[in-house]
Amino acid sequence: MLISETITSAANPRLKRAARLRDARERRTSGLTVVDGLRELSRAAAAGHEITEVFVALPASDRPDSATLTAEVPEGVAACVAACVARGARVTGVPLRVFEKLAFGDRNEGAVGVVRFSGRSLAEVAFPANQPVLVAEAVEKPGNLGAILRSVDAAGLGGVIVCDPRTDPANPATIRASLGTVFSVPLAVASAGDVIDWCRASGRRVIVATPEATIEWFAGDLVGATAIVVGSEAQGVSPAWTEAGDAGRIQLTAIRLPMRGIADSLNVSVTAAVLAYESVRQQAAKSDR
């Protein structure tokens, strides 16, 4: 694997810029993020995203003062880096002791990439017209958002709208939790008001998951042109949805998942997974008729 140059100091400006991408403000300013993991980085490249740089951990046998060298790295790392080079990446070798300061904890798989990626607006995303989309409102934890993306990808829903986010899809922890599906699932970021307007304009029925509902989750129509809305565990979905439904701006149905123990809510990513697969079940049942 051809490495164009090496960096030997953790104080190098390029390494420091890459490390700062773990901060949300730096990601918003630059439009870049840092990606840990070979699977995640390979999926970013496969989805067509620009990879600006890849830092590769050099084996101890390599001479760090070489300007150009072929490093004996694992085959998986070489294949991932080759895919990134095809997306425009510059490849930089870094001694392991320095690389460990950039890599995230136990996700040191030998390569870390810098990817141009951020949430797009509703107008920029072509969601399938007759497939459900999952609206995740005010989700705070990147792990939950990543898990929601994985469920939507697995269930084959039409995409995800991150609504009034408390964390961003480009958060490296979101990317890790999504297993890189964040790069391929149709994804937009918008305010609740904009999503409500979009649902109205596109004729989407809105299904809101809330403990106060009287309709069971399996009785809601979760197929076709539908927006399935889940909210934060602490506060649930915002009143804007009910208000829009009461005003006739959207066709809204509230559903609930029963809570038969002492807990008063499910993890938001679990709720999303249940509803995503209920949508799959309903579609299969509809096709069998």
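Any read-out appearing in this document is the output of simple, stated calculations on the displayed coordinates, not a laboratory observation. Predicted model only: the values in this text are computed from it and were never measured. Counting neighbours? That spans all protein chains shown, and the Cβs are built from the backbone with ideal geometry, glycine included.
Below are the figures for this structure:
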item: Percentage relative contact order, the stretch 2-116, counting C-alpha pairs under 8 Å, at least six apart; result: 46
item: Exposure proxy ranking, count of Cβ atoms within 10 Å, fewest first, for Thr29, Thr210; result: Thr29, Thr210
item: Debye log10 I(q)/I(0) for the stretch 1-52, one point scatterer per Cα, at q = 0.13, 0.24, 0.25 Å⁻¹; result: -0.40, -1.12, -1.14
item: Rg followed by Dmax, in Å, when the stretch 121-279 is reduced to its Cα trace; result: 14.2, 43
item: Charge context of Thr181, other residues only, Cβ under 13 angstrom, K/R +1, D/E -1; result: +2
item: Residues whose placed amide H lies under 5 Å from that of Ile255, excluding near-sequence neighbours; result: Val208, Ala209, Thr210
item: Equivalent ellipsoid semi-axes, the stretch 75-199, via Cα gyration tensor eigenvalues times 5, rooted, Å; result: 31, 16, 13
item: Residues with amide H under 5 Å from that of Glu53, placed H, sequence gap 5 or more; result: Arg90, Val114
item: Cα-centre dipole for the stretch 2-116 with unit charges at Cβ (Lys and Arg positive, Asp and Glu negative), debye to 20; result: 580
item: Span from the the stretch 201-256 Cα centroid across to the the stretch 17-32 one, whole angstrom; result: 34
item: Cα-Cα P(r), the stretch 218-289, percent of pairs per 5 Å interval; result: 3, 14, 22, 23, 20, 12, 5, 1
item: 10 Å Cβ shell holding at most 11 others, DSSP loop, GluC sites (Glu not before Pro): longest site-free stretch of the chain; result: 73-211
item: Diffusion constant of the chain at 37 °C, which comes from Stokes-Einstein with the Kirkwood Cα-pair radius and 0.692 mPa s, µm²/s; result: 162
item: Backbone HN-Hα couplings from phi across the stretch 202-219 [Karplus 6.51/-1.76/1.60, Hz, Gly and Pro as x]; result: 8, x, 8, 6, 10, 10, 10, 8, 8, x, 7, 5, 9, 8, 5, 4, 7, 8
item: Ranking of Trp198, Trp217, Trp241 by count of other Cβ atoms within 10 Å, fewest first; result: Trp217, Trp198, Trp241
item: Length released on extending from Tyr277 to Arg39, taking residue separation times 0.36 nm less the Cα-Cα span; result: 83.2 nm
item: Long-range HN-HN contacts of Glu5 with modeled amide H, under 5 Å; result: Gly93
item: Potential lengthening between Asp197 and Ala126 on full extension [0.36 nm per residue; Cα-Cα distance subtracted]; result: 24.0 nm
item: Using θ = phi - 60° and Karplus 6.51 cos²θ - 1.76 cosθ + 1.60, couplings along the stretch 131-140 (whole Hz; Gly, Pro as x); result: 10, x, 10, 9, 9, 9, 9, 6, 6, 9
item: Packing-based exposure ordering (other Cβ within 10 Å, fewest first) of Leu134, Leu179; result: Leu179, Leu134
item: About the Cα centre, charge dipole magnitude for the stretch 122-288 (Lys/Arg +1, Asp/Glu -1 at Cβ), debye; result: 320
item: Vicinal HN-Hα couplings computed from phi for the stretch 256-269 (Karplus, 6.51 cos²θ - 1.76 cosθ + 1.60; Hz; Gly/Pro x); result: 9, 9, x, 10, 9, x, 8, 6, 9, 7, 8, 4, 4, 6
item: Set of lysines near Lys16 by C-alpha distance (under 20 Å), chain-local residues within fewer than 8 positions excluded; result: Lys101
item: Gyration tensor (Cα) of the stretch 2-116, equivalent ellipsoid semi-axes in angstrom; result: 20, 17, 12
